[in-house]
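The values are calculated or read from the model by the stated rules, or taken from the named source; none is laboratory data. Only a predicted model underlies this, so the values are computations on that prediction, with no experimental measurement involved. Cβ: placed from backbone, ideal geometry, glycine included. Neighbour counts: every protein chain shown.
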Amino acid sequence: MKVIKIDKQNWTGGIDKSRENYQIFGPVKDKEHFVFKKLNLKEYPDMENALSVLSPKSILFPQSEKILAASLDESQDDHHIMKRVATDYSPRAVIGIMPCDAKAVQLVKLNFDTDDYRDPYWCDAYEATTFVGLAVNKPSIYDFTLSMGSGPFAEEGLDVLLVDCKDHFLAKVLSEKGDAFLKASGFTSEADADKSAKLINEIKNQAEKAIDAEKVKTEKLKEKSLLELHGASFWEDLSFSCINCGTCTFVCPTCWCFDIQDETKGKKAVRFRNWDSCMSPLFTLHASSHNPRAEKVQRVRQRFMHKLKYFVDKYDQGTMCVGCGRCVVHCPVNIDIREICNTMNSYEAEQA
Amino acid sequence: MEPEVQQKNKTDLVFQPQLARIERILPQISGHRLFQLKLINEEAAEQFSHLCGQFIELTVIGVGEAPISISSPPSRPGTIEICVRKAGVVTSALFKLHPGDQVAIRGPFGNGFPLDELKGKDVMLIAGGLGLAPLRSLLLSILDDRASFKDLVLMYGSRNPNDILFKYELLGMMNRTDIKYFFSVDSDDEGIWKQYVGVVTGLFERIEVNPETTFCALCGPPIMYRFVIQELKKKKIPMDQIFVSLERMMKCGVGKCGHCTIGKYYCCTDGPVFRYSDILDIKEAV
């Protein structure tokens with residue numbers, strides 16, 4: 001494993017150098033919150049491991065994205081033909097992404113990049129992106145990544161893993177894309193492999209100790225009966241306080257659902273896709289007025305069953321939750337996926 | 001999957017609809033019309049093929065897109081027939097269009113009924129209301145290759161005698177001896193109905209089936225499935241010989257957007273046709 005040493009005094013210079021070949025995305029402070037965004041010149045990613053309000057999923061999957069457009073002007077040769085909108089898919093690097101958010105991208109990929117239908121928008125953005133992660137030295141109290149198949153130093157989905165070692169970063173090179181990015185940034189000074197591995201391991205062990213991996217359990221989810229979990233009486237209690245605001249779905253790094261809407265202004269028709277939320281009753285409403293999930297309890301059950309059971313059964317790649325903790329932090333009524341996960345995992349059907 | 005098809009699906013066409021012309025509009029019952037569409041690109045029109053039970057995503061350009069099942073059988077290529085109820089924004093806009101006007105379509109999507117599996121079997125089609133739209137594709141496919149199938153039964157329930165879709169087409173087949181019809185209407189306020197009045201499940205008293213060789217295909221309003229399946233259970237028809245075509249709000253049609261999830265399945269790609277035995281442990285399915 002190649003490890004590059006990056007002195008912090010060279011950090012911003014390297015980022016600037018990489019801008020010649022990459023668009024740079026990263027977390028920055030916006031008022032009191034952190035957001036992931038495209039960084040302009042003189043803007044640098046905040047390397048403090050702060051949990052951004054929204055996950056970086058929007059870099060591949062914008063909250064609102066123009067997907068097709070057509071001219072309705074009949075004097076144009078191609079009028080009424082809906083065509084893909086030109087989008088900039090030049091190389092981009094996401095710097096400072098948390099390891100669990102990078103894993104989330106891999107889970108979302110299972111949906112968007114399938115053998116039968118490849119989603120061209122998401123996949124093109126994915127292929128253009130290099131993921132430069134920042135290991136989480138001091139996990140927050142909401143971090144339960146170790147329970148969800150990720151961790152503060154997990155490498156899945158990353159091209160580079162940066163480890164903050166006070167006056168320098170150690171950069172583990174995890175893919176060719178990552179290697180290319182570091183070269184383009186002028187970060188080429190190789191660290192001693194053994195020494196750096198040892199140091200990274202020390203920091204990693206320290207970080208992992210801060211998370212109680214036993215607090216959230218998932219190991220029995222797969223063996224649970226679908227019908228029993230679906231019919232469990234706890235859903236009424238768990239969903240009682242939900243106000244269907246949809247916050248959990250928007251802040252979630254693995255929620256991929258979207259709506260498709262057309263908008264016409266003058267002679268131009270545009271088709272958008274926008275993040276959508278299964279918490280909204282409109283999500284499943286038919287034009288006939290029939291609604292398969294009209295009740296709140298059905299929608300709350302759907303969201304958690306999807307994350308913690310349907311996905312587990314369908315892909316056999318763990319839960320569709322990476323343990324970032326955003327929904328726990330931001331839910332206005334304190335619905336806690338960690339508790340729900342444990343409830344599901346330990347559920348035994350009521351005796352008839 | 002054929003490599004060629006896979007290649008097609010790897011392109012932008014996954015989301016990009018192709019222009020089609022409305023060839024004819026045939027009025028059905030109140031609020032329902034049959035639209036005959038043809039892709040404008042001749043090559044695409046020639047290549048278009050579908051399975052009974054599949055659907056298209058229909059765009060009224062500048063308005064929006066909606067999933068609509070295909071009513072024409074694969075055995076009659078050339079035009080794509082869709083039977084549409086005026087219900088939402090897109091279908092309301094569609095009803096303002098005329099023959100010669102353009103729409104755009106994506107697809108066909110979904111899996112369709114397993115026609116080959118039904119060959120050599122008794123087939124029972126059970127439709128309620130607009131549920132006949134996708135089943136008509138299957139019905140006509142069977143009639144176009146009638147010798148390949150054994151007994152054919154169509155049970156069709158409508159709200160009232162004025163709500164029977166494809167009325168003249170069905171009347172035209174009445175003299176055929178190789179298909180048994182059972183019609184029901186929920187109510188007959190005008191007193192003109194000579195056949196069964198009541199819900200479609202009431203028709204089951206009138207039929208004898210051989211459960212070993214009978215395969216069923218169902219499509220209708222959501223309330224219908226549970227009750228019809230109860231009747232089929234009473235007739236001892238095995239669960240894996242029952243196929244249900246389910247409806248959900250399919251936005252993308254290609255298993256991405258999440259609107260049509262039924263348990264771990266996407267209705268648009270894993271369905272809309274499901275073998276009933278495959279969805280027994282999904283309570284929300286029917």
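Restricting to the range A:65-99, give me the number of residues that are over 20 Å from residue A:178 (Cα atoms) and more than 14 Å from chain B (Cβ to nearest Cβ).
Selection size over the range A:65-99: 2.
Here are some residues: B:147, B:127, B:104. Which one is modelled with pLDDT of 95 or more and in contact with a His (Cβ under 8 Å, 6 or more places away or on another chain)?
Criteria check complete, one pass: B:104.
Return yes or no: is residue B:51 more than 10 Å from chain A (Cβ to nearest Cβ), part of a loop (DSSP other than H, G, I, E, B), in contact with a strand residue (DSSP E or B) (Cβ under 8 Å, 6 or more places away or on another chain) and modelled with pLDDT of 95 or more?
In short, yes.
Can you name the helices (runs of 4 or more DSSP H) wholly within the range B:58-147 that have at least 2 residues being within 11 Å of chain A (Cβ to nearest Cβ)?
Once the helices (runs of 4 or more DSSP H) in the range B:58-147 are filtered for at least 2 residues that are within 11 Å of chain A (Cβ to nearest Cβ), what remains is B:89-94.
Spot the failing condition for residue B:83; the list is (1) surrounded by fewer than 15 Cβ atoms within 10 Å (Cβ to Cβ); (2) not assigned by TED's automatic domain parsing to the domain that holds residue B:135, and only one is missed.
Just one mismatch for residue B:83, condition (1).
Any idea how many residues of the range A:222-251 are within 22 Å of the chain's Cα centre (by Cα), within 14 Å of another protein chain (Cβ to nearest Cβ) and not aromatic (Phe, Trp, Tyr)?
Final tally of qualifying residues: 2.
Filter the range A:160-172 for residues that are part of a strand (DSSP E or B) and at positive phi and give the result.
Residues satisfying the conditions do not exist here.
Of all residues in the range A:122-140, count the ones that are touching a residue at least 60 places away in the same chain (Cβ under 8 Å) and either among the β-branched types (Val, Ile, Thr) or farther than 30 Å from residue A:163 by Cβ (or both).
So the count comes out to 3.
Conditions tested, residue by residue: (1) at the interface with chain B (Cβ under 7 Å from one of its Cβ atoms); (2) in a loop (DSSP other than H, G, I, E, B); (3) crowded, with 22+ Cβ neighbours inside 10 Å.
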{"position": "A:264", "(1), (2), (3)": "yes, no, no"}
{"position": "A:282", "(1), (2), (3)": "no, no, no"}
{"position": "A:298", "(1), (2), (3)": "no, no, no"}
{"position": "A:317", "(1), (2), (3)": "no, yes, no"}
{"position": "A:328", "(1), (2), (3)": "no, no, no"}
{"position": "A:332", "(1), (2), (3)": "no, yes, no"}
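Looking at the range A:113-163 only, could you name the residues that are within 14 Å of another protein chain (Cβ to nearest Cβ), more than 28 Å from residue A:328 (Cα to Cα) and not hydrophobic (A, V, I, L, M, F, W, C)?
Those that are within 14 Å of another protein chain (Cβ to nearest Cβ), more than 28 Å from residue A:328 (Cα to Cα) and not hydrophobic (A, V, I, L, M, F, W, C): A:113, A:114, A:115, A:116, A:117, A:118, A:119, A:120, A:121, A:124, A:127.
Taking strands (runs of 3 or more DSSP E) that do not extend beyond the range A:55-159, which have at least 1 residues that are under 20 Å from residue A:24 (Cα atoms) and among the aromatic types (Phe, Trp, Tyr)?
It comes to A:129-134.
Quick test of your reading of the structure: residue A:248 fulfils all but one of (1) more than 18 Å from residue B:266 (Cβ to Cβ); (2) surrounded by fewer than 23 Cβ atoms within 10 Å (Cβ to Cβ). Name the failing condition by number.
(2)
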